[in-house]
């Protein structure tokens, strides 16, 4: 998952120009079929562009092997931070 994010992540040009940075917490559900659904992002104040990029990258994750509990496929909540930082700082 992290390899995919690193490979497809792109710092938004507008955010670079305006020096927008910060941590975006992204959370989502991997449903019983292995699909990524219900993606939500919460980033810094004024960081909608960062939230949008985090959602874009996560929405393009490949299909997962579903989780199982008691022999049945189940949905699982998942989340992690994506840190948007500027190299010149």
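Helical content of the chain, expressed as a calculated mean residue ellipticity at 222 nm, amounts to -7000 deg cm²/dmol (DSSP H runs of 4 or more residues, -39,500 (n - 2.57) each, divided by residue number, nearest 500).
May I ask you to derive the FRET efficiency for residue 7 and residue 32 from their Cβ-Cβ distance with R0 = 25 Å, giving the value to the nearest 0.05? In this case the efficiency is close to 0.40.
Between helix 48-59 and the chain there is an angle of about 30 degrees, using the helix long axis and the longest principal axis of the Cα atoms.
Highest GNM mean-square fluctuation among 78, 11, 68, for the chain modelled with Cα contacts below 10 Å: 68. If you run the Gaussian network model on the chain, springs between alpha carbon atoms under 10 Å, then out of 26, 76, 58 the most flexible one is 76.
A straight chain from residue 48 to residue 16 at 0.36 nm per residue would run longer than the Cα-Cα distance by 10.2 nm.
Explain nothing, just the number: relative contact order of the chain, from Cα pairs under 8 Å at least 6 residues apart, as a whole percent. Walk me through the intermediate numbers first.
Numbers: 154 pairs, mean separation 33.2, N = 89.
Relative CO of the chain lands at 37 percent.
Readers should treat all values here as calculations from the given coordinates under stated rules, not as data from a laboratory. What you see is a predicted model; the values in this text were computed from it and never measured. Reconstructed Cβ throughout: ideal geometry from the backbone, glycine too, with neighbour counts over all protein chains shown.
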